[in-house]
Amino acid sequence: MVSIEIGGGHLVQAGWVNLDPVNGTGEWRRPAQDVPWPIGDGGVDAIRAAHVMEHIPAGEPRLAVMNEAHRVLRPGGVFEIRVPNCLSGTWHAWADPTHVSFWCVESFHYFDGVFAANADYGIRPWTTHELRVQGDNEILWKGSPR
């Protein structure tokens, strides 16, 4: 099986595929929102996105990444996301000019169904395993496709 690091830059651990527009290899050299990814349904054990989702535009690009991760993860596979908390009272989420989407703990509840939009945005359902604020400004979320 395969594990994917989204936007890993030069920090990808051995055994992980780097889905990165600069440092990815072959078909994996692309933005994460450039879907479909070059792997079949259920062919991935784990996905990590550490401080990269805030660089993916909100709206359709964000949904494309979440829905594609849902497609490629095997049953029980885990997607781990770390993002700056825009509601933490610190400057971290807002200061970086390359941040194009902002996250708070409640953002993840649109994916796990705790919150629901009043329209069908095509969001595939997730099960949240862990959701917490770490330190003064980081949100950690781990989820699996439902």
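The values are calculated or read from the model by the stated rules, or taken from the named source; none is laboratory data. Please read all numbers here as calculations on a predicted model, not as lab measurements. Cβ: placed from backbone, ideal geometry, glycine included. Neighbour counts: every protein chain shown.
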Could you run through region 88-139 and say how many residues are under 17 Å from ILE56 (Cβ atoms), aliphatic (A, V, I, L, M) and not in a helix (DSSP H, G or I)? 3
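Taking the conditions exactly as written (within 20 Å of ILE139 (Cβ to Cβ) and either charged (D, E, K, R) or in contact with a Lys or Arg (Cβ under 9 Å, 6 or more places away or on another chain) (or both)), does GLY8 satisfy them or not?
yes
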Residue tally, condition in contact with a strand residue (DSSP E or B) (Cβ under 6 Å, 6 or more places away or on another chain) and either free of Cβ contacts under 8 Å to residues at least 40 places away in the same chain or farther than 17 Å from MET66 by Cβ (or both), over region 1-42: 13
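Identify all residues within region 112-132 that are surrounded by 14 or more Cβ atoms within 10 Å (Cβ to Cβ) and in contact with a strand residue (DSSP E or B) (Cβ under 6 Å, 6 or more places away or on another chain); write none if there are none.
Across region 112-132, the qualifying residues are ASP112, TRP126, THR127, THR128, LEU131.
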Quick one: which of ILE81, ILE123 is at pLDDT below 95, under 20 Å from ASP34 (Cα atoms) and within 16 Å of the chain's Cα centre (by Cα)? ILE123
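Which residues, taken from region 10-36, are small (Gly, Ala, Ser) and surrounded by 12 or more Cβ atoms within 10 Å (Cβ to Cβ)?
GLY24, ALA32
Filtering region 80-111 down to residues that are among the aromatic types (Phe, Trp, Tyr) and either within 12 Å of HIS51 (Cβ to Cβ) or touching a residue at least 12 places away in the same chain (Cβ under 8 Å) (or both), which residue is surrounded by the most Cβ atoms within 10 Å (Cβ to Cβ)?
Checked region 80-111; the qualifying residue surrounded by the most Cβ atoms within 10 Å (Cβ to Cβ) is PHE111.
Would a scan of region 55-66 turn up a residue that is β-branched (Val, Ile, Thr) and out of contact with any Lys or Arg (no Cβ under 8 Å at 6 or more places or on another chain)? Walk me through how you get there before you give the answer.
We begin by selecting, within region 55-66, every residue β-branched (Val, Ile, Thr); these are 56, 65.
Narrowing the set further to residues that are out of contact with any Lys or Arg (no Cβ under 8 Å at 6 or more places or on another chain) leaves 65.
Yes, region 55-66 contains at least one residue that is β-branched (Val, Ile, Thr) and out of contact with any Lys or Arg (no Cβ under 8 Å at 6 or more places or on another chain).
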Among (1) among the small types (Gly, Ala, Ser); (2) touching a residue at least 24 places away in the same chain (Cβ under 8 Å); (3) assigned to a loop (DSSP other than H, G, I, E, B), ALA46 falls short only on (3)
